[in-house]
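Here the structure is laid out as structure tokens; the discussion comes afterwards.
The values are calculated or read from the model by the stated rules, or taken from the named source; none is laboratory data. Everything quoted here is computed from the prediction, not taken from an experiment. With ideal geometry, Cβ positions are generated from the backbone for all residues, glycine too; neighbour counts draw on all protein chains shown.
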Amino acid sequence: MDSAAQNKLALISCIELVLMKSGNEKYNAVLAKLNALYEAGLADCYDHPEYLRLTLKEVYGDNYQSVINEAKMCLDDLLWDREIMRFVSTLENPGFA
């Protein structure tokens, strides 16, 4: 597995971990909405972080930024990677894609 694939797997794992920590109900709500709205799963959000941003806003409301902050803490060692930075920037800033 190359480093890009490893980074993608790490990012998706961090997102899953953060969502699971907030409880099964919210985790399942995020997965269900991603599937219903975009026919996508968490792994698809790597290429389409806007799906996750909009879904987190819908499920978590004003608290969605705390989910992003937790994910950034989990990803700390990978934030130097261009694709990881793009992903996080898209989650934080709707105008960035």
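Taken over segment 45-79, the criterion of being over 13 Å from Glu92 (Cα atoms), assigned to a helix (DSSP H, G or I) and hydrophobic (A, V, I, L, M, F, W, C) is satisfied by Cys45, Val59, Met73, Cys74, Leu78. With respect to the stated conditions, Tyr46 is touching a Lys or Arg at 6+ places or on another chain (Cβ under 7 Å) and on the phi < 0 side of the Ramachandran plot.
Condition check ((1) modelled with pLDDT of 90 or more; (2) out of contact with any helix residue (DSSP H, G or I) (no Cβ under 9 Å at 6 or more places or on another chain); (3) more than 19 Å from Asn24 (Cα to Cα); (4) surrounded by 13 or more Cβ atoms within 10 Å (Cβ to Cβ)) across all residues:
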site: Tyr46; (1), (2), (3), (4): yes, no, yes, yes
site: Glu50; (1), (2), (3), (4): yes, no, yes, yes
site: Lys57; (1), (2), (3), (4): yes, no, no, yes
site: Ile68; (1), (2), (3), (4): yes, no, no, yes
site: Lys72; (1), (2), (3), (4): yes, no, yes, yes
site: Thr90; (1), (2), (3), (4): yes, no, yes, yes
site: Ala97; (1), (2), (3), (4): no, no, yes, no
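If you filter segment 1-55 down to residues that are farther than 17 Å from Asp76 by Cα and acidic (Asp, Glu), you find that the one that is farthest from the chain's Cα centre (by Cα) is Asp2. Of the residues Leu31, Leu56, only one is in contact with a Gly (Cβ under 8 Å, 6 or more places away or on another chain) and either on the phi < 0 side of the Ramachandran plot or charged (D, E, K, R) (or both); which? One residue alone meets the criteria, Leu31.
Filtering segment 1-44 to residues that are modelled with pLDDT of 95 or more and not in a helix (DSSP H, G or I) leaves Glu39, Ala40, Gly41.
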